[in-house]
Amino acid sequence: MSLDLQHINAELGQDAARLTEWALGLGKPAIVTTNFRPYEAVILHLVTQVKPDIPVVWMDNGYNTEATYRYADELARRLNLNLTIYLPKRS
């Protein structure tokens, strides 16, 4: 598949919702990763509006703050995230 990214960016680059719809509409397997920092909610909201069951991967290092874990739990609940959490075997 050949993609004209310059054309796609010119057409959709200023419209995050349409760009997300386009990308997830390519019919390819897709996942989204997160670190649950403040702006991640926007990305997670965008992708789950288009594909509610999209796999969400969090590579948790085990050293996040209590606030980050509360935020992750709340966001996962609110957006009904299909979340898989990976933790290191050693830290």
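The values are calculated or read from the model by the stated rules, or taken from the named source; none is laboratory data. Quick caveat: nothing in here was measured; it's all calculated off a predicted structure. Side chains included, ligands, DNA and RNA excluded: accessible areas come from the protein's heavy atoms. Shrake-Rupley method; radii C 1.70, N 1.55, O 1.52, S 1.80 Å.
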State whether the residues of region 5-21 include one that is in a helix (DSSP H, G or I), within 23 Å of Ser91 (Cα to Cα) and at pLDDT 95 or above.
no
How many residues does region 2-22 contain that are open to solvent by less than 50 Å² (accessible area, probe 1.4 Å) and small (Gly, Ala, Ser)?
2
